[in-house]
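To start, the structure itself, in structure tokens.
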Amino acid sequence: MESKPIERLHADKRAKWTLALLVLVAALFISFLICICLGTVYIPPGRVFDILIGNTDGIPDYEVNIIQQVRLPRILMAGVVGACLSIAGVALQGIFKNPMASPSVIGISQGAAFGASLTIVLGFTLAEGDFAIPMAAFIFAMITLFLVYMLGKVEGALPTTTLLLAGIAVGAFFSAMVSLLQILAAQGSTGTMERVVFWLMGSLSFANWTQFWIVLAFLIPGFILLFAFSRDLNAMIVGETHASSLGVDPKTTTKIMLFGSALVTGAAVAFTGVIAFVGLIVPHIMRMIIGPDNRILFPASVLAGAIFLIVTDTVARTIMAPQELPVGIITALMGAPFFLYLLRRKREATEW
Amino acid sequence: MVNMRLRVQGIEFAYNSVPVLKDVAFEAMEGEIIGILGPNGSGKTTLLRCMNRALSPSKGTVLVEEKEIGAMSRKEIANEMAVVPQNCIITFPFTSLEIVLMGRNPSMDRFKRETREDIEIVKTAMEATGVTALAARTMNQLSGGERQRVIIARALAQQPKIMLLDEPTLHLDVNHQMEIMELVSELARREKLTVIMVSHDLNLAARYCDKIILLDGGSVLAAGSVPEVLTQNNVEKVFKIKSLVQYDERIDAYSLTILGTVSGNGN
């Protein structure tokens, strides 16, 4: 293998980063434009564009409504939720140095599911009306984080193995509690069980503008926080002793990553339920394409996560229309084969 | 005039209230290679970790260039002192170049990118350890010796005055052990780097170290030059072997010959 000079290698890497971001932005734009036209009613791009820029003369009211009140908030919601889950995946895979990590390994998703089930089944509420379930889910996501953190702490240090085990245990506990609630629900009023199951599979069908703005309000600070520590996370991946010798405090970095990912996951999961696979697969795919540096993985995963969930949600709502499928089924059905394809191809190319 | 680089003063440390280090003190000068020797559990690695404040001693202080390490930020410490940890297994496919570039972390602001100057420093560091040709390879594609040289390059990229090495030759083939030690001693001489290494290998330590600190049960049993410390009595007491240290003119250094074991654990 011919070796390039160091400067060239570094410049090439930077160029690759820029190219990747440009391609992803373009792909996001295109998938947005295609997906907003598709649905039970097909609305041609020209008309969608007119509606989007507010030029609604001569367009039927129901089409304006579908775009403005249904598809646009839903697609934007899919975008921010996909972004949230993906950056949480990057952060957690980083601190656990494990490509298998995702928001569910530290129990956040299960905790949120428990909170939601409590509200659905037992009518436990912390907030009014539409916000009852999201609030309970978010609060329980945060409680889970706190529990895992306290249980994972060993004499003031925060070893990732203990943290991971604590997360798995707490997650299993909440999963069992959710199952218990499901059994209770099955004996209770009709429809409750279905609501729990639907929530557990994840869905964007109730997306609206308020939800979108709330999740966005969590995504932005969450992203900034995680991105600010992306170089520290790089050092953590090499090892904690390496990190501390490079001037990085492993404990602070771990805490920031945990808190940041719980924040964005909690906010996303609260409204949509548990959407599996996004947080696992998107960071992984990005890493295979542009390398393991977290300084590019965070921004790239925001874009790729948004694209991935926008596309899968569009499939979920159109493939069996008017019947809608839970998006979690589609993320796994579409994501898994693509992921395996990349895995095989990459392995043949570089042998890692 | 040789400058004092590091001063360890009366360090004590305990894990779960079991004392691991007891009143450990020594000094390290510019350009000096110091070997910390001792059997398993004698506190070698703990001492090393106290030196860069990965652990905080319960008593005593560490001074770097007369500044107390407890009062320095992690970044400030990293600008004075680089660590080459024992092993390096990386899950994700970082290239050697990316790893060495991490050495510039401590001197960079949070949102800044590497400057041309950073790249120059990294280039020099990689040339010094002979890993330039490996720059594009991922760490998992390298041999143990190559990986160790990459990590040493990263340590050099920190432009430290002190380099701490934890068992730098562990799990390496004999030729790579020699290669790493030759590299380290060349760096100490050329860059006036103070090198402090924990080692299991008495022979390599005898050959390359200017000074030896012999730990036994968490305290310093002896400290000083190779023939002063690695005496028959000391080595027998700590490692339970009979040995002989001699100056070998063929290599212009000391060499240690193991003569046999001590039967019956007699103290």
Helices (runs of 4 or more DSSP H) enclosed by the stretch A:58-130 - at least 2 residues per element that are within 18 Å of the chain's Cα centre (by Cα): A:72-95, A:108-117
Does the stretch B:130-156 hold any residues that are over 15 Å from the mean Cα position of the chain (by Cα) and facing chain A (nearest Cβ under 10 Å), and which are they? B:THR132, B:ALA133, B:LEU134, B:ALA135, B:ALA136, B:ARG137, B:THR138, B:MET139, B:ASN140, B:GLN141
Would you check if there is a residue in the stretch B:114-129 being more than 8 Å from every other protein chain (Cβ to nearest Cβ) and in a loop (DSSP other than H, G, I, E, B)? yes
Is it the case that the stretch B:98-118 has a residue that's over 21 Å from B:LEU187 (Cα atoms), at pLDDT 90 or above and not acidic (Asp, Glu)? no
Exactly one condition in (1) out of contact with any helix residue (DSSP H, G or I) (no Cβ under 8 Å at 6 or more places or on another chain); (2) over 17 Å from B:LEU193 (Cα atoms) is not met by B:THR61; state its number. (1)
I need the full set of residues from the stretch B:68-103 which are touching a residue at least 60 places away in the same chain (Cβ under 8 Å), more than 7 Å from chain A (Cβ to nearest Cβ) and part of a helix (DSSP H, G or I), in order please. B:ASN79, B:GLU80
When you scan the stretch A:212-269, how many residues do you find that are of a type in the set (A, V, I, L, M, F, W, C), part of a helix (DSSP H, G or I) and within 14 Å of chain B (Cβ to nearest Cβ)? 13
Is it true that B:ALA153 is in contact with a strand residue (DSSP E or B) (Cβ under 9 Å, 6 or more places away or on another chain) and either among the small types (Gly, Ala, Ser) or without any contact (Cβ under 8 Å) to a residue 12 or more places away in the chain (or both)? no
If I filter the stretch B:114-133 down to residues being in contact with a Lys or Arg (Cβ under 8 Å, 6 or more places away or on another chain) and over 9 Å from B:ALA157 (Cα atoms), which single residue comes out as surrounded by the fewest Cβ atoms within 10 Å (Cβ to Cβ)? B:GLY130
Determine, yes or no, whether A:VAL238 is within 25 Å of A:GLY115 (Cβ to Cβ), buried (at least 24 other Cβ atoms within 10 Å of the Cβ) and of a type in the set (A, V, I, L, M). no
Every residue from the stretch B:131-145 that is closer than 17 Å to B:GLY103 by Cα, touching a residue at least 40 places away in the same chain (Cβ under 8 Å) and outside any loop (DSSP other than H, G, I, E, B): B:THR138, B:MET139
With respect to B:PRO160, is the statement that it is within 11 Å of chain A (Cβ to nearest Cβ), touching a residue at least 60 places away in the same chain (Cβ under 8 Å) and in a loop (DSSP other than H, G, I, E, B) true? yes
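Yes/no per residue for (1) in contact (Cβ under 8 Å) with a residue 60 or more places away in the chain; (2) buried (at least 22 other Cβ atoms within 10 Å of the Cβ); (3) small (Gly, Ala, Ser):
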| residue | (1), (2), (3) |
| --- | --- |
| A:VAL248 | no, yes, no |
| A:SER261 | yes, yes, yes |
| A:ALA267 | yes, yes, yes |
| A:LEU280 | yes, yes, no |
| A:ARG295 | yes, no, no |
| A:LEU303 | yes, yes, no |
| A:ILE330 | no, yes, no |
| A:TYR341 | no, no, no |
| A:ARG345 | no, no, no |
If you scan the stretch A:285-299, which residues turn out to be at negative phi and within 10 Å of chain B (Cβ to nearest Cβ)? A:ARG287, A:MET288, A:PRO292, A:ASP293, A:ASN294, A:ARG295, A:LEU297
Using beta carbons and a limit of 9 Å, which pairs, at least six apart or on different chains, have the first residue in the stretch A:96-111 and more than 10 Å from chain B (Cβ to nearest Cβ) and on the phi > 0 side of the Ramachandran plot and the second one surrounded by 24 or more Cβ atoms within 10 Å (Cβ to Cβ) and of a type in the set (S, T, N, Q)? A:GLY107/A:THR144
In the stretch A:24-48, the residues that are exposed (fewer than 15 other Cβ atoms within 10 Å of the Cβ), hydrophobic (A, V, I, L, M, F, W, C) and either part of a helix (DSSP H, G or I) or touching a Pro at 6+ places or on another chain (Cβ under 6 Å) (or both): A:VAL25, A:ALA26, A:PHE29, A:ILE30, A:LEU33, A:ILE34
Just give me the residues in the stretch A:204-249 being farther than 27 Å from B:ILE151 by Cβ, among the β-branched types (Val, Ile, Thr) and more than 16 Å from the chain's Cα centre (by Cα), in sequence order. A:THR210
Every residue from the stretch B:46-64 that is within 14 Å of another protein chain (Cβ to nearest Cβ) and either among the polar types (S, T, N, Q) or assigned to a strand (DSSP E or B) (or both): B:THR46, B:ASN52, B:SER56, B:SER58, B:VAL64
Can you pull out every residue in the stretch A:274-320 that is within 22 Å of A:THR40 (Cβ to Cβ) and not hydrophobic (A, V, I, L, M, F, W, C)? A:THR312, A:ASP313, A:THR314, A:ARG317, A:THR318
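Yes/no per residue for (1) modelled with pLDDT of 95 or more; (2) not polar (S, T, N, Q):
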{"site": "A:PRO5", "(1), (2)": "no, yes"}
{"site": "A:ALA27", "(1), (2)": "yes, yes"}
{"site": "A:ILE36", "(1), (2)": "no, yes"}
{"site": "A:VAL41", "(1), (2)": "no, yes"}
{"site": "A:ASP50", "(1), (2)": "no, yes"}
{"site": "A:THR56", "(1), (2)": "no, no"}
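The values are calculated or read from the model by the stated rules, or taken from the named source; none is laboratory data. From a predicted model like this one, the values you see are computed outputs, not experimental measurements. Counting neighbours? That spans all protein chains shown, and the Cβs are built from the backbone with ideal geometry, glycine included.
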